[in-house]
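Notes follow once the structure below has been shown.
The values are calculated or read from the model by the stated rules, or taken from the named source; none is laboratory data. It should be emphasised that the depicted structure is a prediction, and the values quoted were computed from it without experimental measurement. Here Cβ is always computed from backbone atoms with ideal geometry, including for glycine, and neighbour counts include all displayed protein chains.
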Amino acid sequence: MLLDTASLYFRAFFGMPDSLRAPDGTPVNAVRGLLDFIARLVSDYAPSHLVCCWDNDWRPTWRVELLPSYKEHRLARTAGGDGVDAEEVPDALAVQVPVIAEVLAAMGIAVRGVDGYEADDVIGTLATTAGMPADVVTGDRDLFQLVDDEREIRVLYTARGVGRHEQVTGEVVRAKYGVRADQYADFATLRGDASDGLPGVKGVGDKTAARLLAEFGTLAGIRAAAADPSTALAAGVRANLLAAAGYLDVAPRVVEVTRTLPIPADWGELRRPHAFDDEAAVTRLADTWGLGGSVARVRAALAADHD
């Protein structure tokens, strides 16, 4: 089980009441919510391995150099407006992220990130190299490109909440979007995604993107058809594809999840723990931050004899 950790703690922060506070008044709704999510997912799916995948770089420079609009709308500007600080994260959430990292470490739940890459890329690499079925837990549709029924890789999609998540298989991707999962990255490139700052191709929405991929197979095939006047392509669509040549030259590399990161392949270190690594530290953290109930639920879920 590969967790898109930031996706989950953002969901917890905005979905759990901000009245959840530590004894000193610090908000802990994201911490408690994430722990409750982990407890529920482990109880429901009994994974042999469990990894919290981390955004060491939520907006990698190499992606921005290819497409400057990538996630640009999520940036927090400096006070003078002459530079960029980081991702815009509410102060009440920012103070909780170090607590999350400390609690996960004390529990012994594996956390993996790679400098210069997003959690998506860590997930893509681990799912591809695992050699075992993998569940990817995320609210990000970009990861639908990893779905592979033959290799038993699916997405547990949390857009409607962790408690009402959807199991996304290749059949689900085809039913929702009219494309194969291995075509999803090309589909997303064509139709764009405002949440990631991807403009897409003018006039090409879900239906047109799916129809083009059904007819020509890949983005490369679509572009070749647009460049060939003899192909039966609507004039407006052809013109829009040709006009978007600069975007289409770079966007596929931005959208594609990296699957070849140098992550040590010691899967023994990624196994789901059955007891906390440092019980004393977990107890101290639970007392300091008021996490008692959530910690107890994670402890019970990890200890259950699922295997």
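A few notes on this one:
- A count restricted to region 48-70 and to residues that are in a loop (DSSP other than H, G, I, E, B) and under 28 Å from L270 (Cα atoms) stands at 9.
- Evaluation of D121 against (1) closer than 21 Å to V42 by Cβ; (2) in a helix (DSSP H, G or I) (one fails), failing number: (1)
- Filtered residues of region 38-63 (kept if among the aliphatic types (A, V, I, L, M) and either surrounded by fewer than 17 Cβ atoms within 10 Å (Cβ to Cβ) or not assigned by TED's automatic domain parsing to the domain that holds S7 (or both)): A46
- Region 88-133, subset of a type in the set (D, E, K, R) and more than 15 Å from the chain's Cα centre (by Cα), residue modelled with the lowest pLDDT: E88
- In the set (1) in a strand (DSSP E or B); (2) of a type in the set (A, V, I, L, M, F, W, C); (3) in contact with an Asp or Glu (Cβ under 6 Å, 6 or more places away or on another chain), V155 fails one condition alone, (3).
- With respect to (1) part of a loop (DSSP other than H, G, I, E, B); (2) acidic (D, E); (3) within 30 Å of L35 (Cβ to Cβ), the lone exception for D135 is condition (1).
- Every condition in (1) outside any loop (DSSP other than H, G, I, E, B); (2) modelled with pLDDT under 95 holds for D18 except the one numbered (1).
- Meets criteria (modelled with pLDDT of 95 or more, crowded, with 18+ Cβ neighbours inside 10 Å and either touching a Pro at 6+ places or on another chain (Cβ under 6 Å) or not hydroxyl-bearing (S, T, Y) (or both)) for V250: no
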